[in-house]
1. Which residues, counting only those in the range 1-15, are in a strand (DSSP E or B) and open to solvent by less than 90 Å² (accessible area, probe 1.4 Å)?
2. Among the residues that make up the range 16-32, is at least one of them surrounded by fewer than 11 Cβ atoms within 10 Å (Cβ to Cβ), charged (D, E, K, R) and either at pLDDT below 85 or not in a helix (DSSP H, G or I) (or both)?
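The values are calculated or read from the model by the stated rules, or taken from the named source; none is laboratory data. This structure is a prediction, so every number in the text was calculated from the model and none was measured. Cβ sites come from the backbone with ideal geometry, for glycine too, and all protein chains shown count toward neighbours. Keep in mind that these areas ignore ligands, DNA and RNA; they rest on the heavy atoms of the full protein, side chains included. Shrake-Rupley method; radii C 1.70, N 1.55, O 1.52, S 1.80 Å.
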Amino acid sequence: MKEIILKFDTKTGECQIEAQGFRGKSCQDATEFLKKALGQCTDFRRKAEWYEKNLKLNGCVVSNHCG
């Protein structure tokens, strides 16, 4: 399930945006409107899902790995 979670620090006024359930750059696309609405982004961290690609497989998968 795709979710966008906002966490606010009531002492500093900082907001943390976390996207869950997204793969690749889709998380950045999904949260872009929040970054524009909330102001300057001071930190950006990529989770492991950022490096995953959405693959569509047609037919069979061929592997050249031996093990």
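1. Here is the first cut: in the range 1-15, the residues in a strand (DSSP E or B) are 3-8, 15.
Matches in the range 1-15: E3, I4, I5, L6, C15.
2. no
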